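One structure below.
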Amino acid sequence: MASKIGGVEMGEDDPHKVSFRGQALKVDTVEDAQSIIDQIEKCDELLTLELSGNTFGVEAAEAIAHVLEEKKYLKNCLWSDMFTGRLRSEIPSILSSLCNAVIKANTHLVVLDLSDNAFGPDGIKAVEQLLTSPACYSLEELYFNNNGLGSGGEILAKALTECHKNASEAGAKFALKTFACGRNRIESDKVKPLAEAFKLLQTLEVIRMPQNGINHVGIAALAKSFESNPNLTEIDLHDNTFAPKGSKAISEVLPKLLKLRVVNFDDCLLRDEGAQILSHGFTKEHTHLEIVKLEANEIKTDGAIALTDIISTLPAIVNFNLNTNELGKDTIKDIRTKMKSAGKEKVLDTFSGDELDDGNSDYDPENVNNSQDGEDSNKDKLDHSLENATAKNLENNLNDPPTNEQVNSFLTEPSFEKFTILGNNCLPVILVHISRDKDAEIITDMIVRLSAIWYECEAQQLITFLVEILDAILAESTKNNSYFSSQFINYILVHMGMIKSEDKKFKPLDKLGPILSILSEIINTGHFSKTDKDTLLIFLQKPFPKLLESPTELSILIGRIFS
(Lines give C-alpha, C1' and ligand atoms only; values in the text may rest on other atoms or scores of the structure.)
Protein backbone atom coordinates (compact mmCIF):
# COMPACT_ATOMS: atom_id res chain seq x y z
CA MET A 1 0.00 0.00 0.00
CA ALA A 2 1.44 3.36 -1.02
CA SER A 3 1.45 6.53 1.06
CA LYS A 4 2.08 10.08 -0.02
CA ILE A 5 4.73 11.96 1.92
CA GLY A 6 5.96 15.39 0.94
CA GLY A 7 4.23 15.05 -2.41
CA VAL A 8 6.07 11.82 -3.20
CA GLU A 9 4.38 8.43 -3.48
CA MET A 10 6.16 5.84 -1.36
CA GLY A 11 5.34 2.16 -0.92
CA GLU A 12 5.85 0.23 2.29
CA ASP A 13 8.98 -1.32 0.73
CA ASP A 14 10.49 2.00 -0.26
CA PRO A 15 14.30 1.57 -0.06
CA HIS A 16 14.62 5.17 1.11
CA LYS A 17 12.26 4.78 4.05
CA VAL A 18 12.78 3.33 7.53
CA SER A 19 9.52 2.79 9.39
CA PHE A 20 8.72 1.33 12.79
CA ARG A 21 5.22 2.83 12.78
CA GLY A 22 2.73 1.53 15.31
CA GLN A 23 4.85 -1.27 16.75
CA ALA A 24 4.33 -0.09 20.36
CA LEU A 25 8.02 -0.55 21.13
CA LYS A 26 9.34 0.63 24.49
CA VAL A 27 12.79 1.89 23.55
CA ASP A 28 14.71 2.88 26.68
CA THR A 29 18.34 1.86 26.20
CA VAL A 30 20.93 1.63 23.43
CA GLU A 31 20.25 -2.10 23.29
CA ASP A 32 16.52 -1.47 22.85
CA ALA A 33 17.28 0.92 20.00
CA GLN A 34 19.78 -1.31 18.20
CA SER A 35 17.37 -2.67 15.58
CA ILE A 36 16.29 0.88 14.70
CA ILE A 37 19.90 2.05 14.55
CA ASP A 38 20.84 -0.86 12.29
CA GLN A 39 18.02 -0.10 9.84
CA ILE A 40 18.99 3.59 9.70
CA GLU A 41 22.64 2.75 9.12
CA LYS A 42 21.79 0.32 6.30
CA CYS A 43 19.73 2.94 4.45
CA ASP A 44 22.37 4.89 2.55
CA GLU A 45 19.96 7.50 1.16
CA LEU A 46 17.42 7.77 3.96
CA LEU A 47 14.60 10.10 2.95
CA THR A 48 11.90 9.15 5.49
CA LEU A 49 12.22 8.11 9.13
CA GLU A 50 8.93 7.05 10.72
CA LEU A 51 9.03 6.37 14.46
CA SER A 52 5.36 7.04 15.26
CA GLY A 53 3.49 4.83 17.69
CA ASN A 54 6.45 3.82 19.85
CA THR A 55 7.91 5.33 23.01
CA PHE A 56 11.52 6.50 23.35
CA GLY A 57 13.68 7.22 26.38
CA VAL A 58 16.59 9.64 26.71
CA GLU A 59 19.39 7.09 26.26
CA ALA A 60 17.77 5.47 23.23
CA ALA A 61 17.07 8.82 21.59
CA GLU A 62 20.69 9.89 21.99
CA ALA A 63 21.86 6.68 20.32
CA ILE A 64 19.45 7.11 17.41
CA ALA A 65 20.43 10.78 17.10
CA HIS A 66 24.10 9.82 16.78
CA VAL A 67 23.49 7.75 13.65
CA LEU A 68 21.08 10.35 12.23
CA GLU A 69 23.87 12.92 12.12
CA GLU A 70 25.18 11.14 9.01
CA LYS A 71 21.88 11.12 7.10
CA LYS A 72 22.12 14.25 4.97
CA TYR A 73 19.35 13.20 2.55
CA LEU A 74 16.65 12.98 5.23
CA LYS A 75 13.51 14.87 4.20
CA ASN A 76 10.57 13.46 6.15
CA CYS A 77 10.56 13.13 9.96
CA LEU A 78 7.35 11.37 10.96
CA TRP A 79 7.65 11.48 14.72
CA SER A 80 4.12 11.54 16.11
CA ASP A 81 3.05 9.68 19.27
CA MET A 82 6.56 8.93 20.53
CA PHE A 83 6.42 9.63 24.26
CA THR A 84 3.61 7.58 25.78
CA GLY A 85 4.41 6.93 29.44
CA ARG A 86 7.37 9.32 29.51
CA LEU A 87 7.82 11.96 32.20
CA ARG A 88 7.28 15.50 31.03
CA SER A 89 10.81 16.38 32.18
CA GLU A 90 12.32 13.76 29.82
CA ILE A 91 10.69 14.86 26.60
CA PRO A 92 12.58 18.14 25.88
CA SER A 93 15.91 16.30 26.17
CA ILE A 94 14.73 13.56 23.78
CA LEU A 95 13.47 16.11 21.26
CA SER A 96 16.66 18.16 21.49
CA SER A 97 18.81 15.10 20.73
CA LEU A 98 16.84 14.21 17.61
CA CYS A 99 16.45 17.79 16.37
CA ASN A 100 20.14 18.63 16.86
CA ALA A 101 21.06 15.51 14.87
CA VAL A 102 18.92 16.70 11.96
CA ILE A 103 20.60 20.10 12.08
CA LYS A 104 24.10 18.56 12.17
CA ALA A 105 23.27 16.33 9.21
CA ASN A 106 22.69 19.44 7.11
CA THR A 107 19.43 18.01 5.81
CA HIS A 108 16.69 19.82 3.91
CA LEU A 109 13.42 18.73 5.51
CA VAL A 110 10.12 18.68 3.64
CA VAL A 111 7.80 17.15 6.28
CA LEU A 112 7.94 17.37 10.07
CA ASP A 113 5.19 15.65 12.03
CA LEU A 114 5.26 15.84 15.85
CA SER A 115 1.53 15.31 16.43
CA ASP A 116 0.05 13.46 19.41
CA ASN A 117 3.03 14.19 21.64
CA ALA A 118 1.77 15.95 24.76
CA PHE A 119 4.89 18.01 25.36
CA GLY A 120 3.32 21.44 25.84
CA PRO A 121 5.33 24.70 25.70
CA ASP A 122 8.50 23.00 26.98
CA GLY A 123 8.47 20.66 24.00
CA ILE A 124 8.09 23.39 21.42
CA LYS A 125 11.06 25.18 22.99
CA ALA A 126 13.12 22.05 22.33
CA VAL A 127 12.08 22.06 18.66
CA GLU A 128 12.54 25.81 18.17
CA GLN A 129 16.21 25.57 17.21
CA LEU A 130 15.41 23.08 14.45
CA LEU A 131 12.53 25.18 13.12
CA THR A 132 14.76 28.24 12.74
CA SER A 133 17.74 26.35 11.25
CA PRO A 134 18.71 25.86 7.57
CA ALA A 135 17.32 22.32 7.84
CA CYS A 136 13.81 23.82 7.79
CA TYR A 137 14.22 26.45 5.09
CA SER A 138 12.86 23.81 2.68
CA LEU A 139 9.99 22.70 4.96
CA GLU A 140 6.63 22.34 3.19
CA GLU A 141 4.45 20.48 5.71
CA LEU A 142 4.35 21.02 9.47
CA TYR A 143 2.10 19.02 11.81
CA PHE A 144 1.60 19.91 15.47
CA ASN A 145 -1.73 18.29 16.34
CA ASN A 146 -2.73 17.47 19.92
CA ASN A 147 0.43 18.67 21.66
CA GLY A 148 -1.10 20.71 24.49
CA LEU A 149 0.81 23.75 23.23
CA GLY A 150 -1.23 26.51 24.87
CA SER A 151 1.18 29.45 25.20
CA GLY A 152 3.63 27.45 23.10
CA GLY A 153 1.66 28.68 20.10
CA GLU A 154 3.42 32.02 20.47
CA ILE A 155 6.81 30.26 20.50
CA LEU A 156 5.83 28.39 17.34
CA ALA A 157 4.78 31.64 15.66
CA LYS A 158 8.09 33.25 16.58
CA ALA A 159 10.00 30.26 15.16
CA LEU A 160 8.13 30.42 11.85
CA THR A 161 8.79 34.15 11.59
CA GLU A 162 12.48 33.70 12.36
CA CYS A 163 12.80 30.84 9.86
CA HIS A 164 11.35 33.07 7.15
CA LYS A 165 13.80 35.84 8.07
CA ASN A 166 16.82 33.53 8.24
CA ALA A 167 15.96 31.89 4.93
CA SER A 168 15.59 35.25 3.20
CA GLU A 169 18.95 36.43 4.52
CA ALA A 170 20.51 33.20 3.23
CA GLY A 171 19.02 33.73 -0.23
CA ALA A 172 16.49 30.94 0.22
CA LYS A 173 12.69 30.96 0.37
CA PHE A 174 10.76 29.44 3.26
CA ALA A 175 7.67 28.24 1.40
CA LEU A 176 5.57 26.35 3.96
CA LYS A 177 2.46 24.91 2.31
CA THR A 178 0.67 22.89 5.02
CA PHE A 179 0.23 23.99 8.63
CA ALA A 180 -1.77 21.68 10.89
CA CYS A 181 -2.13 22.59 14.55
CA GLY A 182 -5.38 21.25 16.02
CA ARG A 183 -6.48 20.43 19.56
CA ASN A 184 -3.82 22.63 21.16
CA ARG A 185 -5.71 25.28 23.18
CA ILE A 186 -4.17 28.02 21.03
CA GLU A 187 -6.92 30.44 21.97
CA SER A 188 -7.54 33.89 20.52
CA ASP A 189 -4.76 35.78 22.29
CA LYS A 190 -2.24 33.11 21.31
CA VAL A 191 -3.43 32.67 17.73
CA LYS A 192 -2.77 36.31 16.80
CA PRO A 193 1.03 35.84 16.57
CA LEU A 194 0.45 32.82 14.34
CA ALA A 195 -1.83 34.88 12.13
CA GLU A 196 0.95 37.46 11.77
CA ALA A 197 3.37 34.68 10.80
CA PHE A 198 0.90 33.43 8.16
CA LYS A 199 0.73 36.93 6.67
CA LEU A 200 4.49 36.90 6.33
CA LEU A 201 4.69 33.44 4.75
CA GLN A 202 2.15 33.99 1.93
CA THR A 203 2.70 30.42 0.63
CA LEU A 204 0.20 28.41 2.67
CA GLU A 205 -2.17 26.08 0.83
CA VAL A 206 -3.61 24.11 3.76
CA ILE A 207 -4.43 25.47 7.22
CA ARG A 208 -5.95 23.15 9.82
CA MET A 209 -6.55 24.57 13.29
CA PRO A 210 -9.59 22.75 14.72
CA GLN A 211 -10.54 22.50 18.40
CA ASN A 212 -8.41 25.33 19.75
CA GLY A 213 -10.98 27.40 21.64
CA ILE A 214 -10.58 30.35 19.25
CA ASN A 215 -13.35 32.96 19.50
CA HIS A 216 -14.41 35.59 16.95
CA VAL A 217 -11.44 37.85 17.77
CA GLY A 218 -8.97 35.13 16.84
CA ILE A 219 -11.04 34.08 13.84
CA ALA A 220 -10.89 37.65 12.53
CA ALA A 221 -7.10 37.68 12.91
CA LEU A 222 -6.82 34.41 11.01
CA ALA A 223 -9.14 35.68 8.28
CA LYS A 224 -6.82 38.65 7.70
CA SER A 225 -3.89 36.25 7.34
CA PHE A 226 -5.78 34.10 4.83
CA GLU A 227 -5.98 37.11 2.53
CA SER A 228 -2.17 37.04 2.28
CA ASN A 229 -2.26 33.39 1.22
CA PRO A 230 -4.30 33.35 -2.00
CA ASN A 231 -3.26 29.78 -2.87
CA LEU A 232 -5.22 28.28 0.03
CA THR A 233 -7.05 25.12 -1.01
CA GLU A 234 -8.19 23.91 2.44
CA ILE A 235 -9.28 25.68 5.62
CA ASP A 236 -10.28 23.58 8.63
CA LEU A 237 -11.38 25.56 11.69
CA HIS A 238 -14.02 23.19 13.03
CA ASP A 239 -14.95 23.30 16.71
CA ASN A 240 -13.95 26.91 17.32
CA THR A 241 -16.39 29.79 17.87
CA PHE A 242 -17.23 32.11 14.94
CA ALA A 243 -20.50 33.76 15.98
CA PRO A 244 -21.69 36.56 13.64
CA LYS A 245 -18.53 38.67 14.01
CA GLY A 246 -16.23 35.79 13.12
CA SER A 247 -18.54 34.77 10.28
CA LYS A 248 -18.34 38.30 8.87
CA ALA A 249 -14.53 38.24 8.91
CA ILE A 250 -14.43 34.90 7.10
CA SER A 251 -17.14 35.97 4.65
CA GLU A 252 -15.13 39.01 3.63
CA VAL A 253 -12.02 37.00 2.80
CA LEU A 254 -13.64 34.00 1.05
CA PRO A 255 -14.16 35.81 -2.31
CA LYS A 256 -10.38 36.33 -2.46
CA LEU A 257 -9.63 32.62 -2.02
CA LEU A 258 -10.77 31.21 -5.33
CA LYS A 259 -8.56 28.10 -5.20
CA LEU A 260 -10.40 26.69 -2.18
CA ARG A 261 -11.41 23.05 -2.43
CA VAL A 262 -12.27 22.18 1.19
CA VAL A 263 -13.92 24.30 3.89
CA ASN A 264 -14.62 22.75 7.29
CA PHE A 265 -16.51 25.01 9.69
CA ASP A 266 -18.34 22.25 11.58
CA ASP A 267 -19.37 23.05 15.17
CA CYS A 268 -18.32 26.70 15.00
CA LEU A 269 -21.48 28.20 16.54
CA LEU A 270 -22.32 30.24 13.46
CA ARG A 271 -25.98 30.49 14.52
CA ASP A 272 -28.49 31.56 11.90
CA GLU A 273 -27.23 35.13 11.58
CA GLY A 274 -23.66 33.93 11.06
CA ALA A 275 -24.79 31.44 8.43
CA GLN A 276 -26.56 34.15 6.46
CA ILE A 277 -23.47 36.36 6.65
CA LEU A 278 -21.19 33.49 5.62
CA SER A 279 -23.35 32.70 2.59
CA HIS A 280 -22.35 36.04 1.06
CA GLY A 281 -18.71 34.92 1.05
CA PHE A 282 -19.26 32.03 -1.33
CA THR A 283 -19.49 33.05 -4.99
CA LYS A 284 -19.93 31.37 -8.36
CA GLU A 285 -16.23 32.01 -8.88
CA HIS A 286 -15.43 29.28 -6.33
CA THR A 287 -15.20 26.83 -9.21
CA HIS A 288 -12.82 24.47 -7.38
CA LEU A 289 -14.79 24.19 -4.15
CA GLU A 290 -15.63 20.51 -3.51
CA ILE A 291 -16.47 20.19 0.20
CA VAL A 292 -18.36 22.57 2.52
CA LYS A 293 -18.89 21.29 6.06
CA LEU A 294 -21.22 23.28 8.33
CA GLU A 295 -22.49 20.62 10.71
CA ALA A 296 -23.75 21.39 14.25
CA ASN A 297 -23.86 25.19 14.00
CA GLU A 298 -27.38 25.96 15.28
CA ILE A 299 -28.29 27.14 11.79
CA LYS A 300 -32.00 27.66 11.15
CA THR A 301 -34.15 28.10 8.06
CA ASP A 302 -32.98 31.46 6.72
CA GLY A 303 -29.30 30.67 7.08
CA ALA A 304 -29.61 27.19 5.63
CA ILE A 305 -31.59 28.38 2.59
CA ALA A 306 -29.16 31.23 1.94
CA LEU A 307 -26.24 28.80 1.98
CA THR A 308 -28.05 26.26 -0.18
CA ASP A 309 -28.88 28.89 -2.81
CA ILE A 310 -25.21 29.60 -3.46
CA ILE A 311 -23.66 26.16 -2.79
CA SER A 312 -26.07 24.55 -5.27
CA THR A 313 -24.54 26.67 -8.04
CA LEU A 314 -20.94 25.55 -7.53
CA PRO A 315 -19.78 23.25 -10.34
CA ALA A 316 -17.23 21.17 -8.40
CA ILE A 317 -19.19 20.63 -5.16
CA VAL A 318 -19.31 16.96 -4.08
CA ASN A 319 -20.23 17.24 -0.39
CA PHE A 320 -22.39 19.81 1.42
CA ASN A 321 -23.03 19.06 5.10
CA LEU A 322 -25.73 20.86 7.08
CA ASN A 323 -26.36 17.96 9.43
CA THR A 324 -27.42 18.44 13.10
CA ASN A 325 -28.56 22.04 12.82
CA GLU A 326 -32.01 23.36 13.74
CA LEU A 327 -33.81 23.08 10.43
CA GLY A 328 -37.06 21.17 10.81
CA LYS A 329 -38.71 18.84 8.31
CA ASP A 330 -40.01 21.55 5.99
CA THR A 331 -36.65 23.29 5.69
CA ILE A 332 -34.86 20.02 4.99
CA LYS A 333 -37.42 19.29 2.26
CA ASP A 334 -36.83 22.75 0.72
CA ILE A 335 -33.05 22.23 0.79
CA ARG A 336 -33.36 18.86 -0.93
CA THR A 337 -35.67 20.33 -3.55
CA LYS A 338 -33.23 23.14 -4.34
CA MET A 339 -30.27 20.77 -4.57
CA LYS A 340 -32.25 18.36 -6.74
CA SER A 341 -33.26 21.17 -9.09
CA ALA A 342 -29.59 22.00 -9.48
CA GLY A 343 -28.78 18.34 -10.18
CA LYS A 344 -26.86 18.06 -6.93
CA GLU A 345 -29.16 16.11 -4.59
CA LYS A 346 -26.48 13.46 -4.02
CA VAL A 347 -24.09 16.17 -2.85
CA LEU A 348 -26.09 16.65 0.37
CA ASP A 349 -24.85 14.81 3.42
CA THR A 350 -27.41 12.89 5.48
CA PHE A 351 -29.63 14.74 7.95
CA SER A 352 -30.09 13.46 11.49
CA GLY A 353 -31.18 15.31 14.62
CA ASP A 354 -32.26 18.31 12.55
CA GLU A 355 -36.01 18.03 12.91
CA LEU A 356 -36.10 20.56 15.74
CA ASP A 357 -38.14 23.62 16.51
CA ASP A 358 -36.19 26.61 15.21
CA GLY A 359 -37.18 28.92 18.07
CA ASN A 360 -35.07 31.87 19.07
CA SER A 361 -32.44 32.13 21.80
CA ASP A 362 -31.03 35.26 23.39
CA TYR A 363 -27.62 33.76 24.07
CA ASP A 364 -24.84 35.76 22.40
CA PRO A 365 -21.54 33.85 22.11
CA GLU A 366 -19.65 37.00 21.20
CA ASN A 367 -20.22 38.37 24.70
CA VAL A 368 -18.71 35.36 26.47
CA ASN A 369 -15.13 35.57 27.78
CA ASN A 370 -14.06 38.28 25.31
CA SER A 371 -12.28 40.80 27.47
CA GLN A 372 -10.60 42.09 24.30
CA ASP A 373 -13.82 43.91 23.46
CA GLY A 374 -14.10 45.43 26.94
CA GLU A 375 -17.46 43.78 27.40
CA ASP A 376 -18.67 43.04 30.91
CA SER A 377 -18.89 39.26 31.27
CA ASN A 378 -21.44 39.76 34.07
CA LYS A 379 -23.92 40.85 31.40
CA ASP A 380 -23.66 37.52 29.58
CA LYS A 381 -27.05 36.05 28.87
CA LEU A 382 -27.82 32.44 29.72
CA ASP A 383 -28.53 30.07 26.90
CA HIS A 384 -31.60 28.15 28.04
CA SER A 385 -34.69 28.92 30.06
CA LEU A 386 -33.77 26.16 32.51
CA GLU A 387 -30.46 27.87 33.16
CA ASN A 388 -32.24 31.18 33.68
CA ALA A 389 -34.44 29.50 36.27
CA THR A 390 -31.33 28.03 37.88
CA ALA A 391 -29.67 31.42 38.13
CA LYS A 392 -32.77 32.74 39.86
CA ASN A 393 -32.68 29.81 42.28
CA LEU A 394 -29.05 30.55 43.14
CA GLU A 395 -29.93 34.19 43.80
CA ASN A 396 -33.18 33.58 45.66
CA ASN A 397 -31.62 30.95 47.93
CA LEU A 398 -28.60 33.09 48.83
CA ASN A 399 -29.62 33.29 52.51
CA ASP A 400 -31.53 30.05 52.56
CA PRO A 401 -29.05 27.15 52.86
CA PRO A 402 -30.25 23.70 51.82
CA THR A 403 -31.11 21.07 54.36
CA ASN A 404 -28.79 18.20 55.22
CA GLU A 405 -31.23 15.91 53.45
CA GLN A 406 -31.03 17.96 50.24
CA VAL A 407 -27.22 18.00 50.30
CA ASN A 408 -27.01 14.29 51.05
CA SER A 409 -29.42 13.56 48.21
CA PHE A 410 -27.40 15.74 45.80
CA LEU A 411 -24.00 14.24 46.70
CA THR A 412 -25.30 10.67 46.75
CA GLU A 413 -27.33 10.78 43.54
CA PRO A 414 -26.52 14.07 41.76
CA SER A 415 -28.91 15.50 39.22
CA PHE A 416 -29.15 18.84 37.51
CA GLU A 417 -32.52 19.48 39.12
CA LYS A 418 -31.12 18.91 42.62
CA PHE A 419 -28.17 21.17 41.79
CA THR A 420 -30.48 24.04 40.85
CA ILE A 421 -32.11 24.17 44.28
CA LEU A 422 -28.94 24.17 46.40
CA GLY A 423 -28.49 27.94 46.44
CA ASN A 424 -25.28 29.97 46.78
CA ASN A 425 -25.09 29.33 50.51
CA CYS A 426 -24.78 25.55 50.28
CA LEU A 427 -21.01 25.22 50.78
CA PRO A 428 -21.01 25.20 54.62
CA VAL A 429 -23.61 22.42 54.66
CA ILE A 430 -21.64 20.42 52.07
CA LEU A 431 -18.41 20.79 54.06
CA VAL A 432 -20.11 19.62 57.25
CA HIS A 433 -21.42 16.64 55.32
CA ILE A 434 -18.07 15.53 53.85
CA SER A 435 -16.11 16.23 57.06
CA ARG A 436 -17.75 13.16 58.50
CA ASP A 437 -15.77 10.96 56.15
CA LYS A 438 -12.61 12.06 54.37
CA ASP A 439 -11.87 8.64 52.87
CA ALA A 440 -10.24 9.31 49.50
CA GLU A 441 -12.13 6.56 47.71
CA ILE A 442 -15.51 7.80 48.94
CA ILE A 443 -14.69 11.42 48.04
CA THR A 444 -13.49 10.34 44.59
CA ASP A 445 -16.70 8.39 44.04
CA MET A 446 -18.63 11.53 45.01
CA ILE A 447 -16.74 13.77 42.56
CA VAL A 448 -17.12 11.22 39.76
CA ARG A 449 -20.87 11.23 40.39
CA LEU A 450 -20.89 15.05 40.30
CA SER A 451 -19.17 14.98 36.92
CA ALA A 452 -22.35 13.44 35.49
CA ILE A 453 -24.10 16.83 35.53
CA TRP A 454 -21.18 18.72 33.95
CA TYR A 455 -22.54 18.90 30.42
CA GLU A 456 -25.89 20.17 31.71
CA CYS A 457 -24.19 23.21 33.29
CA GLU A 458 -23.74 25.07 30.01
CA ALA A 459 -23.93 28.56 31.49
CA GLN A 460 -20.63 29.91 32.82
CA GLN A 461 -22.31 30.95 36.09
CA LEU A 462 -23.31 27.36 36.79
CA ILE A 463 -19.93 25.92 35.83
CA THR A 464 -18.18 28.38 38.15
CA PHE A 465 -20.51 27.46 41.00
CA LEU A 466 -19.98 23.72 40.49
CA VAL A 467 -16.19 24.22 40.41
CA GLU A 468 -16.43 26.15 43.69
CA ILE A 469 -18.19 23.16 45.24
CA LEU A 470 -15.52 20.77 43.96
CA ASP A 471 -12.72 23.04 45.14
CA ALA A 472 -14.25 23.21 48.61
CA ILE A 473 -14.59 19.43 48.76
CA LEU A 474 -10.94 18.95 47.81
CA ALA A 475 -9.73 21.59 50.27
CA GLU A 476 -11.65 19.99 53.13
CA SER A 477 -10.48 16.50 52.15
CA THR A 478 -6.76 17.38 52.10
CA LYS A 479 -6.70 19.10 55.52
CA ASN A 480 -5.77 16.03 57.55
CA ASN A 481 -4.70 13.64 54.80
CA SER A 482 -1.38 14.50 53.16
CA TYR A 483 -1.76 11.52 50.81
CA PHE A 484 -5.25 12.45 49.64
CA SER A 485 -4.25 13.98 46.28
CA SER A 486 -2.21 10.97 45.15
CA GLN A 487 -4.95 8.60 46.34
CA PHE A 488 -7.52 10.70 44.49
CA ILE A 489 -5.58 10.48 41.21
CA ASN A 490 -5.25 6.72 41.66
CA TYR A 491 -8.98 6.25 42.25
CA ILE A 492 -9.84 8.54 39.33
CA LEU A 493 -7.75 6.34 37.04
CA VAL A 494 -9.64 3.32 38.36
CA HIS A 495 -12.95 5.00 37.49
CA MET A 496 -11.58 5.79 34.03
CA GLY A 497 -10.74 2.12 33.55
CA MET A 498 -7.01 2.77 33.20
CA ILE A 499 -6.13 0.97 36.44
CA LYS A 500 -7.79 -2.32 37.30
CA SER A 501 -10.12 -2.28 40.29
CA GLU A 502 -9.74 -4.89 43.01
CA ASP A 503 -13.54 -5.12 43.06
CA LYS A 504 -14.47 -7.57 40.32
CA LYS A 505 -17.97 -6.10 40.14
CA PHE A 506 -16.70 -2.55 39.62
CA LYS A 507 -17.76 -0.92 36.33
CA PRO A 508 -15.62 1.96 35.01
CA LEU A 509 -17.14 5.02 33.34
CA ASP A 510 -18.55 4.55 29.84
CA LYS A 511 -17.81 8.14 28.80
CA LEU A 512 -14.74 10.04 29.99
CA GLY A 513 -15.59 13.50 28.65
CA PRO A 514 -17.28 14.82 31.84
CA ILE A 515 -14.58 13.64 34.25
CA LEU A 516 -11.84 14.97 31.95
CA SER A 517 -13.63 18.35 31.96
CA ILE A 518 -13.89 18.29 35.75
CA LEU A 519 -10.20 17.47 36.08
CA SER A 520 -9.34 20.37 33.75
CA GLU A 521 -11.06 22.76 36.14
CA ILE A 522 -9.56 21.44 39.38
CA ILE A 523 -6.07 20.28 38.39
CA ASN A 524 -4.50 23.72 38.96
CA THR A 525 -6.44 24.70 42.10
CA GLY A 526 -3.42 24.02 44.31
CA HIS A 527 -4.57 20.65 45.63
CA PHE A 528 -2.31 18.55 43.39
CA SER A 529 1.48 18.28 43.39
CA LYS A 530 3.74 18.12 40.33
CA THR A 531 4.11 14.39 40.99
CA ASP A 532 0.32 13.99 40.95
CA LYS A 533 0.11 15.81 37.63
CA ASP A 534 2.97 13.82 36.11
CA THR A 535 1.32 10.57 37.15
CA LEU A 536 -1.95 11.61 35.55
CA LEU A 537 -0.16 12.75 32.41
CA ILE A 538 1.56 9.39 31.94
CA PHE A 539 -1.83 7.71 31.70
CA LEU A 540 -3.39 10.45 29.55
CA GLN A 541 -0.65 9.94 26.96
CA LYS A 542 -1.51 6.27 26.53
CA PRO A 543 -3.51 5.23 23.43
CA PHE A 544 -6.54 4.29 25.54
CA PRO A 545 -9.62 3.90 23.30
CA LYS A 546 -12.05 5.66 25.65
CA LEU A 547 -9.72 8.67 25.91
CA LEU A 548 -9.71 9.00 22.14
CA GLU A 549 -13.50 9.29 22.18
CA SER A 550 -13.18 12.66 23.98
CA PRO A 551 -10.33 14.37 22.08
CA THR A 552 -11.30 17.95 22.91
CA GLU A 553 -11.65 17.35 26.65
CA LEU A 554 -8.39 15.36 26.67
CA SER A 555 -6.48 18.09 24.85
CA ILE A 556 -7.76 20.78 27.22
CA LEU A 557 -6.77 18.76 30.31
CA ILE A 558 -3.27 18.08 28.97
CA GLY A 559 -2.90 21.77 28.18
CA ARG A 560 -3.95 22.73 31.72
CA ILE A 561 -1.40 20.32 33.20
CA PHE A 562 1.34 21.99 31.18
CA SER A 563 0.19 25.53 31.89
- How much FRET efficiency would the formula 1/(1 + (r/R0)^6) give for Tyr73 and Arg449, where r is the Cβ-Cβ distance and R0 is 51 Å, rounded to 0.05? 0.35
- Query: What pairs from Lys17/Lys542; Lys173/Lys256; Lys338/Lys511; Lys505/Lys542; Lys192/Lys530 go past 32 Å between their alpha carbons?
  - Reply: Lys338/Lys511
- Task: For region 489-499, take each phi angle, set θ = phi - 60°, evaluate the Karplus expression 6.51 cos²θ - 1.76 cosθ + 1.60, and give the result in whole Hz per residue in order, putting x for glycine and proline.
- Result: 4, 4, 5, 4, 5, 5, 4, 6, x, 8, 10
- Query: Residue separation times 0.36 nm, minus the C-alpha to C-alpha distance between Lys329 and His280: what's the value?
  - Reply: 15.2 nm
- Item | Lys542 versus Tyr483: modelled label distance in nm, points set 7 Å from Cα along the beta carbon direction | 2.2 nm
- Probe 1.4 Å, all protein chains in place: accessible area of His216 in Å², nearest 10? 10 Å²
- Round to the nearest 10 and report in Å² the accessible area of Glu128, as given by a 1.4 Å probe over the protein chains' heavy atoms. 50 Å²
- Query: Leaving out ligands, DNA and RNA but keeping every protein chain, what accessible area does Thr233 have, in Å² rounded to the nearest 10, with a 1.4 Å probe?
  - Reply: 40 Å²
- Item | Pairwise label distance in nanometres, Lys259 with Ala172, each label 7 Å out on the Cα-Cβ vector | 2.2 nm
- Evaluate E = 1/(1 + (r/R0)^6) for Lys104 and Lys346, where r is the Cβ-Cβ distance and R0 equals 51 Å; express this FRET efficiency to the nearest 0.05. 0.40
- Once both labels are modelled 7 Å past Cα along the beta-carbon direction, what's the Lys511-Ile499 spacing in nm? 2.6 nm
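The values are calculated or read from the model by the stated rules, or taken from the named source; none is laboratory data. Model, not experiment: these values are computed from the prediction. So basically every Cβ, Gly included, is an ideal-geometry build from the backbone, and we count neighbours across all protein chains shown. The accessibility values were calculated without ligands, DNA or RNA, using every heavy atom of the protein model including side chains. Shrake-Rupley method; radii C 1.70, N 1.55, O 1.52, S 1.80 Å.
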